[in-house]
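Taking it in order: structure first as structure tokens, then the write-up.
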Amino acid sequence: MHVIVVGGGPAGMMAALRSAECGARVTLLEKNAALGEKLRISGGGRCNFTNAEADVRTLASLYGEAFRALLSPFTKFDSQHCLQWFASRGMPYHIEDNQRAFPADNRAESVLRVLVDELKRQKVTVQLSAQVTGLQASEGRIAGVLVGGRLLKGDRIVLATGGTSHPETGSTGDGFGWLSELGHRVRFPEPSLVPVAVKERWIGELQGLSFAQGRLEAWVAGEKHLARNGKFLITHFGLSGPLVLNMASELSSLRQKTSRQGELELRLNFRPELTAEELDRDLQERIASAPGKKLKNGLAGMAPPRLMAKVIEASKADPEKPLNQLTREERQAVRKNLQEFPLTFKSLMDESRAVVSSGGLHLDEVDFRTMESKRLKNLFVTGDLLDINRPSGGFSLQLCWSTGWVAGTIAKPTDFRLV
Ligand SMILES: Cc1cc2nc3c(=O)[nH]c(=O)nc-3n(C[C@H](O)[C@H](O)[C@H](O)COP(=O)(O)OP(=O)(O)OC[C@H]3O[C@@H](n4cnc5c(N)ncnc54)[C@H](O)[C@@H]3O)c2cc1C
């Protein structure tokens, strides 16, 4: 049996490995000069390669509407299998907050190295700089793929060309077009887990500040619509980090729904662990303990220095003034800016900054026991090509490992085996 895998990202590499392990002759076609370009930049170069949630039903429930569909692939290869798979191939890992798993050395390269070594060990033929330009179908089957102007024939074709986020990594959405031409229902992709741009241009002055536990609220015309706690960071254009990526779609639809009511205000709370009264008391204590200190020095430690300077500026207080000359209004303004720092939503960033794009092949078009297309025998679809929303936290890559592994397994659906 000759298996052709199109796309050398995580889903494609896993599918190729698994097919080879099942005894097939495997050709992996990748248009870039190297494998796994997106994997390399994942998790800011650290690669949150799975989410260690051990209960399969809980894991699947985090993928929203895809819960039922994913029970089958996750039962065959879930995050515990994934952790074991990488660890047994020489990649230790550690688990951080919210069950996010990273390689022990925090290097995405380590994840990639395991996959590349394994491709060699399993004798997969890897063709780099091999751009597939189309699929050739006849009589309800795919005969092969068009590459370099010729037809490469295969018995089984696994599509793993990814979504459309960060297109410079090679994910240019080619698979969506092919699937659609072959009669599949495909939802046009749009950025999903994506950072947010704000209107305040000075935000770049705070670039790089990150908050392990902050709170983001969304307000329109004096009404609070959304509020969530989590980790976020400030970038040169606005906000990013897990909290913001996970709220992006909701913020975008809120903007559309309320566009006539005024600006969408984002309020950042840098000290959500304290109530307003507790923070005000903290301020009063600091003033009482060092009344002669300048404001800019006396409040150091309440927030990172660059942020504190901005908070004082936004509170319209003179940073050179001694603490005991701070008026009640100024003190209250400082408190407010630490807990309700206002920014104005501008837009979601585009595909070039998205972590994943939503959209893709409709779930009803795939048999999740095998990842085979229900329309074309011998066509298998994996990873970011599937229309599955998921939060950030290692869930995207787990989806790739599970669907790649299942698509690569050449056996009856009841005969899966884990090695
Ligand atoms: C900045 C960033 C950070 C991320 N961090 C994380 C994280 O920490 N944890 C997590 O779980 N997820 C993360 N993700 C998401 C995760 O990287 C993706 O979900 C995952 O890479 C998708 O894998 P894939 O194999 O489906 O597709 P891709 O990784 O997109 O791979 C597709 C491959 O197919 C190739 N290809 C495309 N078209 C053709 C063609 N015509 N012919 C031949 N080859 C082709 C491409 O060049 C590419 O190599 C991150 C994404 C980004 C952008």
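Helix 10-21 against the longest principal axis of the chain: what's the angle in degrees, Cα atoms only, rounded to the nearest 10? Computed tilt is about 30 degrees. Checking the cross-link pairs 294/336; 38/374; 31/153; 120/153; 257/346 against a 24 Å limit on the alpha carbon distance flags 38/374 as lying beyond it.
When you restrict to C-alpha pairs under 8 Å that are six or more residues apart and normalise by the size of the chain, the relative contact order lands at 24 percent. Once the Cα atoms are used to define both axes, helix 395-408 deviates from the longest principal axis of the chain by about 0 degrees. Segment 165-239 and segment 303-378 have Cα centres spaced 9 Å apart. The angle separating the long axis of helix 305-314 from the principal Cα axis of greatest extent in the chain is about 60 degrees. Arranged from fewest to most other beta-carbon atoms within 10 Å of their beta carbon, 77, 49 become 77, 49. Among 289, 373, the order by Cβ neighbours within 10 angstrom, fewest to most, reads 289, 373. Provide the FRET efficiency to the nearest 0.05 for the residue 363-residue 80 pair, computing r from the beta carbons and using R0 = 25 Å. According to the calculation, E is roughly 0.55.
Since every read-out is calculated from the coordinates, none of them should be taken as a lab result. What you see is a predicted model; the values in this text were computed from it and never measured. So basically every Cβ, Gly included, is an ideal-geometry build from the backbone, and we count neighbours across all protein chains shown.
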